[in-house]
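The values are calculated or read from the model by the stated rules, or taken from the named source; none is laboratory data. These numbers were taken from a predicted model, which means no experiment stands behind them. Using ideal geometry, Cβ is built from the backbone for each residue, glycine included, and neighbour counts are taken over all protein chains shown. Areas reflect the complete protein model, heavy atoms only, side chains present, ligands, DNA and RNA absent. Shrake-Rupley method; radii C 1.70, N 1.55, O 1.52, S 1.80 Å.
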Amino acid sequence: MKNLFCNVEDLTHEDSVEKFFLDKLIASLNYKNKNIKTKTAIKDLIIGKGSKKENYKPDYVLYKANMPVIVIDAKHTEKNVDEFIYQASGYSLALNQDYKGDNPIKYFALTNGLITKLYNWDEKEPILELNFEDFSENNPKYKKLIELISVNKINNIISSVDGFTFKRIEKNAVEGIFRACHNLIWKKETISPTDAFYEFSKLFFIKLKQDKDIHNNFIEKGKDVPINEFKFSDKWIEKQDANNPINDILFKQRLLPFLKDEREKKNKKRIFEDNEVIELQSATIKEVVKLLQHIDFYNIDEDLNGRMFETFLSATVRGKDLGQFFTPRSIVKFMVKMADIEANKNNVDRIFDGCAGSGGFLIDAMADMVEKIENNKSLSNKEKNDIKDNIYSNNIYGVEKSLKNSRVSRMNLWFHGDGSSNVFCLDTLDKQFRYDPGLSNERKKEIEEFKKRVQDEKNSLRFEIVLTNPPFSTKYEWSKKDEKAIIEDYDISYKNLDKTKNERVSSLKSNVLFIERYYDLLADKGKLLTVIDESVLNAEKESDYRKFILDKFIIKAVISLPRNSFINADTNTKTSILYLRKKSTPSEKQPPIFMAISQNVGHSDSGKPEPEKCDLLAILDEFKKFENGK
């Protein structure tokens, strides 16, 4: 029998477990040689077993930067590793006691080659147990082990210098930190939750940029981080001559020029104005800094699903203010998976959201594509990087009408890998791409850029997949001049879909208008997955809208959502997810439709998270069976 590292016949004694199995396993975790200490370089420590004491040291201690993170011990193949838990656990405790106030050791592992067990440093029940044959590339247990302890994944303290710690925290603790930041800003500044969010986003951008620089310049190179590099800290603030150094130095002198350089050299879109400032008092800024300074946010959620902004928003903003920013994550993930985005060497789908909000659909779609590329074993590393660069540059598109929200979306995408260059600030519904003459030249140029790309006669931009959640309640009326100019271009604005008779519908919901607009922007056989007000699907007075859908699209699925789906956005409008495919010919026949009713999308009637009750993944499994004819 053979696994990823050795033959079972190779494992005859403790030394062979180290040589043929553990050395290769540790190498696969990508720790540098200088960060792997073996028995000859490890100090003995006194550990206890009941009333007895003994000197002990393990076979390996793994380090990240200058901090120990994992203890590993090998045993003879005939030994039961459970008999040695007290040694590795005791050694982990003794090591952690050397670091006052912190526990850098996160895990210990015991193995005899045939059985390998991973433990939290302070627990005696394993969190993961693998047999010899589990060490294969596609085995879920092995993948979980890599996820927990490889050098890029380990949740550890990076630095502890002069009493300043810099460490990652559990994701479930992030919401509490963000709530504290919001409450502090709101209390000190007495501004609205939405304005508090915008000002916090400036500080958070500085923080993430600093954390990224620290990793790139020091940690990823195996270097210790000098204390003076932690500029997002109260100690650094106190050493500066400026009255408000976070704003005056880190934001105005460093971040804004960096972003300007990105715009000029890499064709990025604007996130902040060149003369923008942080609209918070220096004392408030310092208090927020103190709440965030010790947390390492770099790649806090390596699968790109961290959604720091959404965590902050869900912790602090309620009602309609929240609804303008994002759709519940469970619904976003479900729609992205249902879309079955193609991403491979030969083809990558183009994704679009014309109501981008904070960019949630775009980020999840991007994450889905990147994951497919990373898991494609037929691709070389260079091919993977080239395809991912192409995804970021050419396959993620968003439009957002609100200037501030468009910039939040760009910021959010920037944090999660990028794709920010193709987020445009304009009105998706305006087919003529009109703009106010007083608009800045930069904004006019941005609108003209998108207009040219979608109206190019020879090579117009079209999208294979639209993922979106248009506003439910916004209405457009003929009686209002600016709205009339928009809706008169829509077939769906006229009774019986007949413009020639000029019999107008008095008003239209924006989510209905978006269906026609997305039809224009979709590629042949393109997919549209949208959240829609259920009245469009069943009310008698909205029958013309259904006729338009049936004329132009194949209906692939309708999933009815519970009334509380958008309770945190202060609406109980009954909605469904509508999955449409653009017809290739007008005569294409409608096949059977997949229909389902969701009872819970992961939260209670009050909006309290209940992820264990979400039934969308089960519905997705049934949809896949339906698609495969099962």
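Out of Tyr86, Tyr63, Tyr99, Tyr91, report the one residue that is in a loop (DSSP other than H, G, I, E, B) and in contact with a strand residue (DSSP E or B) (Cβ under 9 Å, 6 or more places away or on another chain). Reasoning before the result, please.
Working: Tyr86 fails: in a loop (DSSP other than H, G, I, E, B); Tyr63 fails: in a loop (DSSP other than H, G, I, E, B); Tyr91 fails: in a loop (DSSP other than H, G, I, E, B).
Of Tyr86, Tyr63, Tyr99, Tyr91, the one residue that is in a loop (DSSP other than H, G, I, E, B) and in contact with a strand residue (DSSP E or B) (Cβ under 9 Å, 6 or more places away or on another chain) is Tyr99.
In the range 370-419, how many residues are open to solvent by less than 30 Å² (accessible area, probe 1.4 Å), closer than 25 Å to Lys209 by Cβ, touching a strand residue (DSSP E or B) at 6+ places or on another chain (Cβ under 7 Å) and of a type outside the set (S, T, N, Q)?
8
Do you know which residues across the range 450-477 are more than 15 Å from Leu513 (Cα to Cα) and of a type in the set (Phe, Trp, Tyr)?
Our first condition is that a residue be more than 15 Å from Leu513 (Cα to Cα); within the range 450-477, this holds for 450-465, 467.
Result: Phe450, Phe463.
Yes/no matrix, rows are residues, columns are (1) buried (at least 21 other Cβ atoms within 10 Å of the Cβ); (2) over 30 Å from Asp224 (Cα atoms):
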site: Asn33; (1), (2): no, no
site: Glu78; (1), (2): no, yes
site: Glu83; (1), (2): no, yes
site: Gly90; (1), (2): no, no
site: Asp98; (1), (2): no, no
site: Thr111; (1), (2): yes, yes
site: Asn131; (1), (2): no, yes
site: Ser136; (1), (2): no, yes
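With the structure loaded, tell me whether Val317 is among the aliphatic types (A, V, I, L, M), open to solvent by less than 10 Å² (accessible area, probe 1.4 Å) and at pLDDT 85 or above or whether it fails that test. Steps first, please.
Details: among the aliphatic types (A, V, I, L, M): yes; open to solvent by less than 10 Å² (accessible area, probe 1.4 Å): yes; at pLDDT 85 or above: no.
No: the conditions fail for Val317.
So how many residues does the range 566-587 have that are modelled with pLDDT under 95, open to solvent by 30 Å² or more (accessible area, probe 1.4 Å) and either part of a strand (DSSP E or B) or not small (Gly, Ala, Ser) (or both)?
Residues that pass the stated criteria total 9.
Before we move on, is Phe514 without any contact (Cβ under 8 Å) to a residue 60 or more places away in the chain and surrounded by 19 or more Cβ atoms within 10 Å (Cβ to Cβ)? Steps first, please.
Values: without any contact (Cβ under 8 Å) to a residue 60 or more places away in the chain: no; surrounded by 19 or more Cβ atoms within 10 Å (Cβ to Cβ): yes.
Spelling it out, it is not the case that Phe514 is without any contact (Cβ under 8 Å) to a residue 60 or more places away in the chain and surrounded by 19 or more Cβ atoms within 10 Å (Cβ to Cβ).
Is it fair to say Asp73 is at pLDDT 90 or above, among the charged types (D, E, K, R) and out of contact with any helix residue (DSSP H, G or I) (no Cβ under 8 Å at 6 or more places or on another chain)? It would help to see each step written out before you state the result.
Numbers: at pLDDT 90 or above: yes; among the charged types (D, E, K, R): yes; out of contact with any helix residue (DSSP H, G or I) (no Cβ under 8 Å at 6 or more places or on another chain): no.
So Asp73 fails the test.
Any residue that is at pLDDT below 80, in contact with a Ser or Thr (Cβ under 8 Å, 6 or more places away or on another chain), assigned to a helix (DSSP H, G or I) and not charged (D, E, K, R) - is there at least one of those in the range 164-180?
Yes, some residue in the range 164-180 is at pLDDT below 80, in contact with a Ser or Thr (Cβ under 8 Å, 6 or more places away or on another chain), assigned to a helix (DSSP H, G or I) and not charged (D, E, K, R).
Consider only pairs whose beta carbons are under 9 Å apart and that are at least six residues apart or on different chains; among these, list those whose first residue lies in the range 259-277 and is at negative phi and whose second residue is among the aromatic types (Phe, Trp, Tyr) and assigned to a loop (DSSP other than H, G, I, E, B).
Every condition considered, the pairs that remain are Leu259/Phe272.
Inside the range 137-163, can you point out the residues that are modelled with pLDDT under 80, in contact with a Ser or Thr (Cβ under 8 Å, 6 or more places away or on another chain) and of a type in the set (A, V, I, L, M, F, W, C)?
Initial filter on the range 137-163 (modelled with pLDDT under 80): 151-163.
With in contact with a Ser or Thr (Cβ under 8 Å, 6 or more places away or on another chain) added as a condition, the list becomes 157, 159.
Residue satisfying the conditions is Ile157 alone.
Considering each residue of the range 1-31, count those that are open to solvent by 70 Å² or more (accessible area, probe 1.4 Å) and either charged (D, E, K, R) or without any contact (Cβ under 8 Å) to a residue 12 or more places away in the chain (or both), and give that number. Explain how you work it out, then say what you get.
Taking the range 1-31 as the starting set, the residues that turn out to be open to solvent by 70 Å² or more (accessible area, probe 1.4 Å) are 1-2, 4, 9, 12-13, 15, 19, 23-24, 30.
Applying the additional criterion that residues be either charged (D, E, K, R) or without any contact (Cβ under 8 Å) to a residue 12 or more places away in the chain (or both) yields 2, 9, 15, 19, 23-24.
Adding up the residues that qualify gives 6.
Scan the range 379-394 and give yes if some residue there is part of a loop (DSSP other than H, G, I, E, B), within 30 Å of Phe472 (Cβ to Cβ) and over 16 Å from the mean Cα position of the chain (by Cα), otherwise no. Walk me through it before giving the result.
Let us first name the residues in the range 379-394 that are part of a loop (DSSP other than H, G, I, E, B), namely 379-380.
Pick out the ones that are also within 30 Å of Phe472 (Cβ to Cβ) and you get none.
No - not one qualifying residue is present in the range 379-394.
Pick from the range 110-136 the residues that are farther than 15 Å from Asn3 by Cα and of a type in the set (Asp, Glu): which of them is modelled with the highest pLDDT?
Glu129
Just to be sure, is Lys212 modelled with pLDDT of 85 or more, surrounded by fewer than 20 Cβ atoms within 10 Å (Cβ to Cβ) and closer than 23 Å to Phe272 by Cα?
Details: modelled with pLDDT of 85 or more: yes; surrounded by fewer than 20 Cβ atoms within 10 Å (Cβ to Cβ): yes; closer than 23 Å to Phe272 by Cα: yes.
Considered against the rule, which asks whether it is modelled with pLDDT of 85 or more, surrounded by fewer than 20 Cβ atoms within 10 Å (Cβ to Cβ) and closer than 23 Å to Phe272 by Cα, Lys212 comes out as yes.
One residue is enough: does the range 550-558 have a residue meeting the conditions surrounded by 13 or more Cβ atoms within 10 Å (Cβ to Cβ) and over 27 Å from Glu464 (Cα atoms)?
Taking every residue of the range 550-558 in turn, none turns out to be surrounded by 13 or more Cβ atoms within 10 Å (Cβ to Cβ) and over 27 Å from Glu464 (Cα atoms).
Out of Val277, Val289, which single residue is among the aliphatic types (A, V, I, L, M), touching a helix residue (DSSP H, G or I) at 6+ places or on another chain (Cβ under 7 Å) and outside any helix (DSSP H, G or I)? So that I can check it myself, show each step before the final result.
Values: Val289 fails: outside any helix (DSSP H, G or I).
Matching residue, one of Val277, Val289: Val277.
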